[in-house]
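Here is the structure we will look at.
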Amino acid sequence: MLAIIGGSGLTDLANLEILRREVVRTPYGEPSGPITFGRIHGRDLIFLARHGYGHTIAPHEVNYRANLWALKQSGGSEILAVASVGGIRTAFGPGKLVLPHQIIDYTWGRISTLCEAPGSSVLHVDFGNPYTESLRLDLLAACKDAGVGVVAGGCYGATQGPRLETKAEIARLRRDGCDLVGMTGMPEAGLARELGLSYASLCVVANWAAGCDPADTEISLEEVLANVESVSGHLLPILEHLLEP
Ligand code: HPA
């Protein structure tokens, strides 16, 4: 079953036929909120707001392990992680939708594995391709069918937040090969792999990353939210095509 993790600006899925919400207990503590069970076109899916339904949980405070475990426990097998990001390179400007294919992890101090309990076996999962290619391809096809433009690849730099980056930090990410910057892509993707879940991310470029705006204006929260809002409207048609029987 498809499981959607909604990011900033996507704390609920409008037009989703909601069946019920369920509080799931996990060995890792509390997820960001109850899991929403819904339906599109008669196909079941589940939804969780990454930052809580009231958007109160910062990226470094999200209990990624509990979230993924709860989604798996609820029947989720394919995770579609929606996230807002900053754009670094010209092709990744505000308002673009991107399906990244690579990640560099700059986060620190987050619990990033499920194999840390005493006596648990160490899992060196393959993570060469951090996103599940088959799910990426399905999403690309769904975007095409829905007539929604999407950038079909990119390298996501995961930063710690919650503050935005300095221009020097973004210059370093650019030198490293990052196209996008966000605060939640890791450890989420790595944990999904450890749990054997398919995982792909649909990123909404909300703003130019620091120092990348040709007009060199400061990043405003209003601008970020307006961009996320304008792109979020495309999500439902994409899902409708993704879930088409
Ligand atoms: N940096 C990091 N995360 C983000 C940004 C950004 O500029 N915009 C949206 N999420």
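Hey, among Ser120, Ser84, which residue is surrounded by 18 or more Cβ atoms within 10 Å (Cβ to Cβ), among the hydroxyl-bearing types (Ser, Thr, Tyr) and at negative phi? None of the others qualify; the one that does is Ser84.
A count restricted to the stretch 169-186 and to residues that are part of a helix (DSSP H, G or I) and either buried (at least 24 other Cβ atoms within 10 Å of the Cβ) or not small (Gly, Ala, Ser) (or both) stands at 9.
Applying the set (1) at positive phi; (2) open to solvent by 50 Å² or more (accessible area, probe 1.4 Å); (3) within 15 Å of the ligand (Cβ to nearest atom); (4) not aliphatic (A, V, I, L, M) to Gly196 leaves exactly one unmet item: (3).
Trp108 falls short on exactly one of the conditions (1) within 16 Å of the ligand (Cβ to nearest atom); (2) farther than 14 Å from Glu188 by Cα; (3) open to solvent by 10 Å² or more (accessible area, probe 1.4 Å); (4) not hydroxyl-bearing (Ser, Thr, Tyr), and that condition is (2). Restricting the stretch 53-69 to residues that are closer than 19 Å to Ile111 by Cα and small (Gly, Ala, Ser), the residue that is most open to solvent (accessible area, probe 1.4 Å) is Ala58. Residues in the stretch 127-142 that are open to solvent by 70 Å² or more (accessible area, probe 1.4 Å) and either out of contact with any strand residue (DSSP E or B) (no Cβ under 9 Å at 6 or more places or on another chain) or of a type in the set (A, V, I, L, M, F, W, C) (or both): Leu137 only. Against the list (1) over 23 Å from His124 (Cβ atoms); (2) in contact (Cβ under 8 Å) with a residue 40 or more places away in the chain; (3) away from the ligand (no atom under 14 Å from the Cβ), the condition Arg175 fails is (2).
Close contacts from the stretch 144-159, counting a first residue that is within 21 Å of Leu239 (Cα to Cα) and acidic (Asp, Glu) and a second that is open to solvent by 20 Å² or more (accessible area, probe 1.4 Å) and modelled with pLDDT under 95, with Cβ to Cβ under 6 Å and a gap of 6+ residues or different chains, come to Asp145/His241.
Annotation note: Cβ proximity below 7 Å between a residue of the stretch 211-238 that is more than 20 Å from Ile170 (Cα to Cα) and a residue that is hydroxyl-bearing (Ser, Thr, Tyr) and surrounded by 15 or more Cβ atoms within 10 Å (Cβ to Cβ) (sequence gap 6+ or interchain) occurs for Val228/Ser8; Val228/Ser84.
Here Ala189 meets the list (1) part of a helix (DSSP H, G or I); (2) within 13 Å of the ligand (Cβ to nearest atom); (3) touching a Pro at 6+ places or on another chain (Cβ under 6 Å) almost entirely, failing just condition (2). Return a yes/no flag: does the stretch 199-214 have any residue that is crowded, with 16+ Cβ neighbours inside 10 Å, in a helix (DSSP H, G or I) and within 10 Å of the ligand (Cβ to nearest atom). There is no residue in the stretch 199-214 that is crowded, with 16+ Cβ neighbours inside 10 Å, in a helix (DSSP H, G or I) and within 10 Å of the ligand (Cβ to nearest atom). Restricting Leu99, Leu71 to those that are more than 13 Å from the ligand (Cβ to nearest atom) and closer than 26 Å to Asp213 by Cβ reduces the list to Leu99.
The values are calculated or read from the model by the stated rules, or taken from the named source; none is laboratory data. Quantities reported herein were computed from a predicted structural model and do not represent experimental measurements. With ideal geometry, Cβ positions are generated from the backbone for all residues, glycine too; neighbour counts draw on all protein chains shown. Accessible surface is based on the protein model in full, side chains and every heavy atom, while ligands, DNA and RNA are left aside. Shrake-Rupley method; radii C 1.70, N 1.55, O 1.52, S 1.80 Å.
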